[in-house]
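Enquirer: Please find one structure pasted underneath; my questions will follow.
What follows is calculated from the coordinates using simple rules that are stated; it is not laboratory data. Keep in mind it's a predicted model, so treat the numbers as computed, not measured. Cβ coordinates were reconstructed from backbone atoms using ideal geometry, including for glycine residues, and neighbour counts include every protein chain displayed.
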Amino acid sequence: MTADTGIDALTRAVEAFVNRKADPFSDGLALNAIRTSGRHLGRVYADGGDAEDREAMMLAATQACIALSNASAALVHGFTARSARTSTSPTVCRTRCSSPR
């Protein structure tokens with residue numbers, strides 16, 4: 001789950017950065033999330049109990065999601081909430097855990 005969550009954050013950051021509707025604000029957040037993911041993803045995967053690396057990845061995931069939203073690319077991710085009730089995909093399962101029932 002740790003690796004999947006980290007890769008998801010990195011993917012969202014890259015998606016926000018390359019989006020045609022990206023702007024300097026979303027690019028800054030996305031690039032910071034990409035850099036942070038590059039520094040901490042391998043370490044948090046190797047040691048899931050490392051609080052410092054987990055906190056850094058949490059920040060990267062938050063920045064990536066804000067960047068994605070500001071680049072007007074988040075709509076498609078909202079569609080996963082509908083399929084979250086039946087899927088076993090880790091990404092969709094995280095959506096299920098965070099979506100209202």
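Enquirer: Out of region 26-50, which residues are within 11 Å of GLN63 (Cβ to Cβ) and either in contact with a Lys or Arg (Cβ under 6 Å, 6 or more places away or on another chain) or not small (Gly, Ala, Ser) (or both)?
Expert: Taking region 26-50 as the starting set, the residues that turn out to be within 11 Å of GLN63 (Cβ to Cβ) are 26, 28-37.
LEU29, LEU31, ASN32, ILE34, ARG35, THR36 - these are the residues of region 26-50 that are within 11 Å of GLN63 (Cβ to Cβ) and either in contact with a Lys or Arg (Cβ under 6 Å, 6 or more places away or on another chain) or not small (Gly, Ala, Ser) (or both).
Enquirer: In addition: I'd like the full set of residues that are assigned to a helix (DSSP H, G or I) and closer than 13 Å to ASN70 by Cα, limited to region 15-55.
Expert: GLU15, ALA16, PHE17, VAL18, PRO24, PHE25, SER26, ASP27, GLY28, LEU29, ALA30
Enquirer: Can you report the number of residues in region 16-35 which are touching a residue at least 40 places away in the same chain (Cβ under 8 Å) and surrounded by fewer than 16 Cβ atoms within 10 Å (Cβ to Cβ)?
Expert: Result for region 16-35: 3.
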